[in-house]
Amino acid sequence: MPSALSVGLDGGLATARDWSDFGECLKLMHRRTGMSLKQVETAARGAAGPGVRQGRELPTSTVSDVINGKRRASKDILIGLLTVWKVTQAEHDAAMDAWRRINSQVGRGPVGAGRFYEASPRELGVSVAINVGAASSDLTPYVTRYFDQQLRQLLGTAADAGRGCFTVLVGESSAGKTRSLYEAVNSQIPDWWLVQPADTREIHDLANAPVGSTILWLDELHRYLGAEPPLTRETINSLSRAGIIVVGTIWPDQFALRWTMRRTDGTDEFAEDRRLLDLCESINVPRELTPGEHQEAARLGAQDTRIDAALRITDAEFVQALAGAPALQDRWEQAPDAYTRAIITAAADARRIGVHSPLPREVLKDAMVGYLTPKQQVTAPDEWIEPALRYATQLLKGAVSALVPVAGSRPGTLGGFVVADYLAQHISRSRRTICPPGSLWDALTDHLGSTDDLRRVAEAATARMRYDHAERALMRLADTGPAAVELAVMLRRQGRSDQAVALLDRRLKAAPDDEACRAERTRTIAIRERALEILHEAQEHPRAHWWHDELLADGGKADDLRQRTGRGDLTAADEFADLLAARGCLEELRELADAGHQYACERLAEFLVSQGRRDELEQRVEAGDRAALLYRNRLGTSGSAGEDVAAVSERMSTDPVQSPNGSRSQEADGEHDESAAVQKVAYLFDSRDIGGLRKEVDAGTPRAAELFVALLTAEQATQPAVISRLRAFGMNAVDLEHPDRVRR
């Protein structure tokens, strides 16, 4: 017969998630005994039972904290209480089972971590739905997506097996990635620890002191790529082995960009990112609902006015409409004046070139200048900024704003403003081939506090051949080894070898073990000496200054191959032919071909075909060039130069290109698809479209700068000295419309 003190807990112990829930169950047991805490303490002194020692085992303060959920119940304390309370064996077993389960899950978590269920959806990055009336929650009822089962199975299987996994949702802004991820984790492992790292340092801290049953939440994964210390495949593997589940979201263009080879002079900028992403289970999140999902949304719309309102919006997909995307777009496109449009555009451009931290008011004020005409700049900046900020931060649909205020490090302070994700993506597409004005670069390089942001700004400036802005960013990073080396290479390419050596000397004084800096110092000195030799030895040669500048630019690669080719090294001659073709050095490639190097003949013929230079190809055929004849015959069997290169390029600029992740087709120029843009620059080069390539340089498209300089070289319409200056100092140092002018 059960004891009079038996406790009917109605499954409470079985569903307790943490020590607070467990304490509530114990409190119910205690109340039903009718004992005071003092009586429990007294009874424990004389109690005998497994694991219960004589003495003051159950002090009133300890028991009070345990049953009120303020502290973890130790095994001794729990057994002592169950013994004093004289619970049934079934209740004893249920309590011990619950204790073991919670104890295994609710130990000491990572530093600063809480439970996943304690975090609000907004804290995790879930967009707040539009407000069209009274709503009981920030969240609307969830519309189940077709990939939910796959996602939840990945998380559940990993959790059940006690091992980690790495899952990334790929989709556009406001496609519902973060909401789907939140719902999946909340349904499978809500009791796990949650770590939301501010930067990659915190990820490495977790890897160095891992705690099992932890979720590493990497919303907007691209913020952590290219940062220092780097997030690598090995880091994720280490976390997975410790039983940590890593989840993240990323935009399609950022995902595709990492899969695109950037090979310039043998380098591959995204090799490590590609190794990392190859490890993940990626799930595509389309912005469109399937027919079945749309039916469920319609059913839920009968219960929630926000869903119903979003379904009625026809100029945006449902999920984007739910997040207020159309209102955000209108906020920018229909801005009441140039100042409000400028402040939103500046914030979006900053995001486009890699800035993720909040932008302070003063940075935005300085950055705005370049977006205004001289007449608009007459008004004092302090008169622009406040009205513009009020407009940009005004809540739309009760949920979203173009610029979002972000709290500072101290309570009651403003850290700055970030642009809404959807708007950042929309403006980036609209302005993809427009390089941000100098005022933005200057404001960022002067005031940014994040080294990761500065590094990304330097990379963006370099890709756009804005080397003056890249130099300013790298100067602020010069106390780190990689940035010091990169800046030294830039200085050397500009003929500022003495400054490069001095910079590296300062770095080596602070970090004597920096072997990369030491190697670059040795290389810079050797190149400086060889450059003087070239000017002395070949001073009468018409290409002496070109070879000198080329040496500084490529670190001696072409010079080495040129010398080895001259000594009869056939392998070097083949490599040299490839290099000359890649750089558009047609005149020297012709000379190499005319000297009898067969592979140079083939590369020249291939180059002439790819660019539609048929007249020269025919001339070489008539002169007896067998490679030219072979390529001409191929043209005869395959049509007119593969449909004529210019026609192919024209089609490339208008036909949609399927994105790598299988999402809807996107145009390279209009949809900000980096993968398609990379394909486009090759066609622009082949079609000899200098203007089109220049736009891609302004967009920072991979390989665009390299091919732009190569095409200028091949066309021979621009003086070699101007091309050398462009290659060394960048777009802001030359006026290609008036090449006789040199900018200072």
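Miscellaneous remarks
- Neighbour cut-off at most 12 other Cβ (10 Å), DSSP loop, GluC sites (Glu not before Pro), the range 688-738: Glu737
- Considering helices alone, the calculated mean residue ellipticity of the chain at 222 nm is -17000 deg cm²/dmol, with DSSP H runs of length four and up weighted by -39500 (n - 2.57) and normalised per residue.
- Alpha-carbon centroids, the range 455-529 and the range 552-597: separation in whole Å: 28 Å
- According to the calculation over all Cα-Cα pairs in the range 195-299, the P(r) per 5 Å bin from zero is 2, 11, 20, 20, 16, 11, 8, 7, 4, 1, 0, 0 %.
- Cα centroid separation, the range 688-709 to the range 189-217 (Å): 41 Å
- Label of the coordinate-derived value, Rg and Dmax of the Cα atoms in Å, listed as (i) 32.7, 114; (ii) 27.7, 102; (iii) 28.4, 97: (i)
- In terms of its C-alpha gyration tensor, the range 257-410 comes out oblate, because a/c is 1.5 or above while a/b does not outweigh b/c.
- Sequence-distant aspartates and glutamates (8 or more away, or on other chains) whose Cα lies within less than 17 Å of Lys177: Glu123, Asp138, Asp148, Asp219, Glu220, Asp253, Glu281, Glu288, Glu293, Glu317, Asp421
- Flagged links, alpha-carbon separation over 20 Å, of Lys509/Lys557; Lys365/Lys695; Lys27/Lys75: Lys509/Lys557; Lys365/Lys695
- Cβ crowding within 10 Å ranks Lys86, Lys680 as Lys86, Lys680, fewest other Cβ atoms first.
- Computed over the range 574-638, Cα set: Rg, Dmax in Å: 10.7, 30
- Across the range 110-121, computed HN-Hα scalar couplings (Karplus, 6.51 cos²θ - 1.76 cosθ + 1.60, θ = phi - 60°) run x, 4, x, 8, x, 7, 4, 5, 7, 7, 7, x Hz from first to last residue, x flagging Gly and Pro.
- Judged by the ratio a/c of the largest to the smallest principal axis of the C-alpha gyration tensor, the range 423-544 counts as oblate, that ratio being 1.5 or greater while a/b is no larger than b/c.
- Ordered by the number of other Cβ atoms lying within 10 Å of each residue's own Cβ, fewest first, Leu216, Leu736, Leu448 fall into the sequence Leu736, Leu448, Leu216.
- Fewest-first sequence of Leu474, Leu231 by Cβ atoms within 10 Å of each Cβ: Leu231, Leu474
All of the numbers you see were taken from the coordinates with simple rules; none came from a lab. Computed from a predicted structure; not experimentally measured. All Cβ positions, even for glycine, are placed from backbone atoms using ideal geometry, and neighbour counts span all protein chains on display.
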